[in-house]
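Written below as C-alpha cells is the structure these notes are about.
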Amino acid sequence: MTRRPAFVLHEHRRPRRHHDLRLEEDGVLRSWALPKGLPTSPAADRLAIAVPDHDLAHLTYTDEDKAIADTGWWELLDRTGRRTLFALHGRGGTRRYALIRTGGPKPENLLLHLTKDQGQAP
C-alpha cells in the first residue's frame, strides 16, 4: 500500500490568530499562512501567503500558542503553472481547494479557493 502524503492545519494564537496550512511534498511540508483561515464558501477566497518549507516534525508539533486544527492526508488533483487543485482528507471529511497565483506584485501571495465542485468522498 502506498503511503499518502500528510497535511496539517495549525491554529496560531500569537502574535495574531491565524492558521498555517502545511502539505507534505518532496520530503518537506510546503507551507502557507492563512490570516483568515480556510475559505468556508466558494464565494469567499482567502489570502494564502507562502512561507518557508517546514520539516516533517511539524505534522505533530504543538506548543502553548500553536494547536492542530485539522490533520489527515491530501491529494493532488491537478497542477498548472497558475494553480494547484487538491483535496484535503481531514477529520471532518474531504474538501477540495485551489491555490491560485494571481500574478500580482507579491508572488508569495496566493488565493485559496474552496471549489464549487466538491466531488465524491472516497
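The values are calculated or read from the model by the stated rules, or taken from the named source; none is laboratory data. Owing to the predicted nature of the structure, the values given are computational and were not obtained by experimental measurement. Note: ideal-geometry Cβ built from the backbone for every residue, glycine included; neighbour counts use all protein chains shown. To get the accessible areas, we keep the full protein, side chains included, count just its heavy atoms, and leave off ligands, DNA and RNA. Shrake-Rupley method; radii C 1.70, N 1.55, O 1.52, S 1.80 Å.
Rolling a 1.4 angstrom probe over region 51-122 with all protein chains present gives an accessible area of which 52% lies on carbon and sulfur atoms. Stretching ARG14 away from LEU76 to a fully extended chain increases their span by 19.3 nm, per 0.36 nm per residue minus the current alpha-carbon distance. A Förster distance of 30 Å, applied to the separation of the beta-carbon atoms of THR102 and LEU56, puts the FRET efficiency at 0.55. At a probe radius of 1.4 angstrom, the accessible area of the chain per residue rounds to 60 square angstrom. Normalising by residue count, region 1-58 has a Cα convex hull of 109 Å³ per residue.
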